[in-house]
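Visitor: One structure is given below, represented as structure tokens, and several questions about it will come after.
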């Protein structure tokens, strides 16, 4: 094979590695532990989330229908008093729930997002773009940070949540107050990894609109129309770890970029 063909082949492999690395999803952390002042709960597969309530302002057209690019704002809270014990790799843990040693209140405010697509047959997809996030324990500890993304789908209505809607929310924990520590299944402290974004808090919920308050001007966008309503939700929460390319893959990517550069220089010559 001629050098230029080799260089182009390596460049193609490197580009493939880059694309797959950028698209690689976070993985669920298995068997983690939560420590607060009143005790520690270990071997957590997931937190069970219940009794969620939120208020939403969803931008619509004058007829009350959403459109691609329509903005929304949301705030609310959801609770966890139990967890599912770690018993399988990933998010599929099953079995009777155990009691957490303290109740957790998970609050979110100033949540911003927008509609990203209209679904065939009704409903729409949406994404979260920012927001504030807090975990508060009943014994006085807390962790706080920012919502950094993901979204969901509304199944059949013109407003976010819908009937049997769903959401996946990712949050970065940036600071803790009091005794609130997270550990991996080997006893390693996760708090520093939260601060750097290596580990994230993920909440996955099913949502249902419970009350609607009609159309009026959006509080966050002058001259725009918003539908206001309440949403009830329940679901699960996980700690996930961001995946980064292996050193060997980074080296291959470097070779690919180098090969592409050599090929382009030879082509110009």
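The values are calculated or read from the model by the stated rules, or taken from the named source; none is laboratory data. Just so it is clear, the structure is predicted and the values come from calculations on it, not from any experiment. Cβ coordinates were reconstructed from backbone atoms using ideal geometry, including for glycine residues, and neighbour counts include every protein chain displayed.
Visitor: For segment 42-57, state whether one or more residues are out of contact with any strand residue (DSSP E or B) (no Cβ under 8 Å at 6 or more places or on another chain) and either surrounded by 13 or more Cβ atoms within 10 Å (Cβ to Cβ) or at pLDDT below 90 (or both).
Guide: The answer is no, given that none of the residues of segment 42-57 is out of contact with any strand residue (DSSP E or B) (no Cβ under 8 Å at 6 or more places or on another chain) and either surrounded by 13 or more Cβ atoms within 10 Å (Cβ to Cβ) or at pLDDT below 90 (or both).
Visitor: Got a sec? Which of 91, 125 is in the same structural domain as residue 234 (by TED's automatic domain parsing), under 16 Å from the mean Cα position of the chain (by Cα) and not in a strand (DSSP E or B)?
Guide: 91
Visitor: Looking at segment 71-85, is at least one residue in the same structural domain as residue 225 (by TED's automatic domain parsing) and surrounded by fewer than 15 Cβ atoms within 10 Å (Cβ to Cβ)?
Guide: no
Visitor: Out of the residues in segment 70-88 that are without any contact (Cβ under 8 Å) to a residue 60 or more places away in the chain and part of a loop (DSSP other than H, G, I, E, B), which is nearest to residue 54 (Cα to Cα)?
Guide: By that ranking, first place goes to 70.
Visitor: Would you point out the residue of segment 86-108, among those that are surrounded by 15 or more Cβ atoms within 10 Å (Cβ to Cβ) and more than 21 Å from residue 37 (Cα to Cα), that is modelled with the lowest pLDDT?
Guide: 91
Visitor: Scanning for something without any contact (Cβ under 8 Å) to a residue 40 or more places away in the chain, surrounded by 16 or more Cβ atoms within 10 Å (Cβ to Cβ), in the same structural domain as residue 64 (by TED's automatic domain parsing) and not in a strand (DSSP E or B), does segment 153-174 turn up at least one residue?
Guide: Yes; the residues of segment 153-174 include at least one that is without any contact (Cβ under 8 Å) to a residue 40 or more places away in the chain, surrounded by 16 or more Cβ atoms within 10 Å (Cβ to Cβ), in the same structural domain as residue 64 (by TED's automatic domain parsing) and not in a strand (DSSP E or B).
Visitor: Is it the case that segment 127-146 has a residue that's crowded, with 16+ Cβ neighbours inside 10 Å, under 24 Å from residue 223 (Cα atoms), out of contact with any helix residue (DSSP H, G or I) (no Cβ under 7 Å at 6 or more places or on another chain) and at pLDDT below 95?
Guide: There is no residue in segment 127-146 that is crowded, with 16+ Cβ neighbours inside 10 Å, under 24 Å from residue 223 (Cα atoms), out of contact with any helix residue (DSSP H, G or I) (no Cβ under 7 Å at 6 or more places or on another chain) and at pLDDT below 95.
Visitor: Listed residues 181, 208, 191; which is touching a helix residue (DSSP H, G or I) at 6+ places or on another chain (Cβ under 8 Å), surrounded by fewer than 20 Cβ atoms within 10 Å (Cβ to Cβ) and either assigned by TED's automatic domain parsing to the domain that holds residue 32 or on the phi < 0 side of the Ramachandran plot (or both)?
Guide: 181
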